[in-house]
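The values are calculated or read from the model by the stated rules, or taken from the named source; none is laboratory data. Predicted model, so just to flag it, every value in this text is computed and none were measured. Don't worry about glycine lacking a Cβ; one is built from the backbone with ideal geometry, like all the others, and counts go over all protein chains shown. Ligands, DNA and RNA are stripped out before the accessible areas are found, and what is left, the full protein with its side chains, is counted by its heavy atoms. Shrake-Rupley method; radii C 1.70, N 1.55, O 1.52, S 1.80 Å.
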Amino acid sequence: MASKIIDPAGPGGTDGGPPAGSGVPADGPGAEGAAGAAGTASAVAPEALVDPGATAGSGAPDGAVHGTADSAADADGTADGAERPARDPFLDNAKFLLIVLVVIGHTWPMGLVEGSRTVKAGYLWISSFHMPAFILLSGYFSRGFTGRPAQLRKLVAGVLVPYLVFEVLYTAAETAAWGKPFRLTLTEPTFVCWFLAALFVWRLTVPVWRVIPWPLPVAVLVSLAAGTSTLGDDLALPRVLMFLPWFVLGLALRPAHFARLRTSVPLRWCAPLVLATGGAAAYALAPVTDVHWLWMSHGQAELGVSTLPYLLVRLALFAATALMTGAFLAVVPRRTRWITAFGAVTLYPYLLHGLLTTAAHGYGWDAPLRPLGPLGAGLLTVCGAAGAVLLSTAPVRRLARPLIEPPVPGLTRPRRRGRSPGTSEPRTA
C-alpha cells in the first residue's frame, strides 16, 4: 500500500532518494527531584507521547502510579487540587530508553541497513520490541481514561494539536530536504506523526475495551484480520489496528506486573539471555527477513505471502515480541538515574528528532558514514543517543514548547507565574 509513513523506529531514508513514504533531562544528574523537574509547567503533558491525560491507576507499589506534568488531573477521577502520587523512576527510565532506540533507528539509512547483515540484525533486534513496548506503556497509562470532557480536552490539547502542528512542519521539512511538493494531507500522518494519530484513536477506544469480553484475544484477531485486509492510510489505520494488541495489553496490566519484573531475581537474570538470544536470532534471520514485517504498515498482500504463512508468522512475532519486551523491561533500572528526568519529556525528542534525520538523509549529511557498514551504524548510534539527550534538555524545551505544547484557548490553562520552565508538579498521568 502506498503510504506517507516510514517505519516507526527504523531508518529515516534511503541512499538514493526520499524515504519510502515520508519519514518517524536531567537538569541535574541523579537527584531524586530530577524527574519532577523535567516536566513542563503548562497544562499539556510533555510526555503526551505515552501518557497524556490518563493515569496508571492507584495503589501502586514503589510509586508506580505515574505523574504527568500538569496533565490530565482528573483522568482517574482525581479532583483538581487533590494530592498527586509521585512519578515512578522505573517507568521514566523505560520511556527514555525506548525513545533513544527510536532515535537511533531513524539515524540509520535504509541503504546502510540493507547493505550490512550486522546492521540489519541490529535493526531487526531493535524493531522487534521497542515500539510494542512503547505502545504497551501507552495502554498502561490510559487505564484511567473514561472519556469525560476534561479528559477529552486534554487529549485534544496534548495529542491532536501537536499532531496538526508537526504535520505542517514535517511536510515543510520534506519539501526542503527532498524537493517534494508542499501538500498537506492531514488524514495521512507523516513520518513520526503516525504515533500521535494512533494514540489519539487508541485512547478514544479505551471505554470500549472495558466492556468487551476477552479484550486481548479480540484485539489479536483484529490485528490479524487487518493484516489480511486492504486498508487505506487514513489516520495510520494499518498500524492502529496491527499494533492494537500491545495497547490493549497495557490496559490490562497492573503495577504488580511491573513490580514482578523489577523484583524477581530469576526473571532479571534470564532477561539478558533472552535479549542476547533475540540478537542471535536476528543475525541468523537477517539475510532472509523483510523488515516490513516489523513496521506493521504492510499487510499480507504487500508482503507477498499467502494467508496461512502470514498468520503463522504474525503469531510467532507476537510471541517473540512479548518475550523481548518483558526482557527489556526487566533490565530497565529501577531507581532514579541521570536518565530518569528525560523520561518525563519524551514528546520533545520524539517529535523533534525526525526533523533532524529528515534533513540529514535528505541533504546527505550522513552520506560519508553509509559505506562504513557497522562502523558507520555505530557512529550514527552515538549521534542518535546524544541527540535524544540534547533534545530533552531544558534549553531545547524552552525553544520548542510553543510548537509542542501550544496554548489552546479553552483547552489549556495559562502558565503560572513564578515557575521556571522545565519544572513540573506531580499530577496523575
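Among the residues of the stretch 170-229, which ones are under 23 Å from ARG314 (Cβ atoms) and of a type outside the set (A, V, I, L, M, F, W, C)?
Correct list: PRO189, THR205, PRO213, PRO215, PRO217, SER223, GLY227, THR228, SER229.
What number of residues in the stretch 295-322 are of a type outside the set (Lys, Arg) and buried (at least 18 other Cβ atoms within 10 Å of the Cβ)?
8
Which residues, taken from the stretch 247-262, are among the aromatic types (Phe, Trp, Tyr) and either within 13 Å of VAL332 (Cα to Cα) or over 21 Å from the mean Cα position of the chain (by Cα) (or both)?
Across the stretch 247-262, the qualifying residue is only PHE258.
Tell me which residues, restricted to the stretch 168-192, are in contact with a Leu (Cβ under 8 Å, 6 or more places away or on another chain), buried (at least 23 other Cβ atoms within 10 Å of the Cβ) and either more than 14 Å from ALA360 (Cα to Cα) or aliphatic (A, V, I, L, M) (or both).
Passing the criteria: ALA173, PRO189, VAL192.
With ALA172, ALA133, ALA157, ALA150 as the choices, which residue is farther than 26 Å from VAL100 by Cα and assigned to a helix (DSSP H, G or I)? Steps first, please.
Numbers: ALA172 fails: farther than 26 Å from VAL100 by Cα; ALA133 fails: farther than 26 Å from VAL100 by Cα; ALA157 fails: farther than 26 Å from VAL100 by Cα.
Testing whether each residue is farther than 26 Å from VAL100 by Cα and assigned to a helix (DSSP H, G or I) leaves just ALA150.
Identify all residues within the stretch 330-340 that are open to solvent by less than 10 Å² (accessible area, probe 1.4 Å) and in contact with a Leu (Cβ under 9 Å, 6 or more places away or on another chain); write none if there are none.
Once the filter is applied, which keeps residues that are open to solvent by less than 10 Å² (accessible area, probe 1.4 Å) and in contact with a Leu (Cβ under 9 Å, 6 or more places away or on another chain), the stretch 330-340 yields ALA330, VAL332.
Tell me yes or no: at least one residue of the stretch 140-155 is on the phi > 0 side of the Ramachandran plot and either open to solvent by 10 Å² or more (accessible area, probe 1.4 Å) or of a type in the set (Val, Ile, Thr) (or both).
yes
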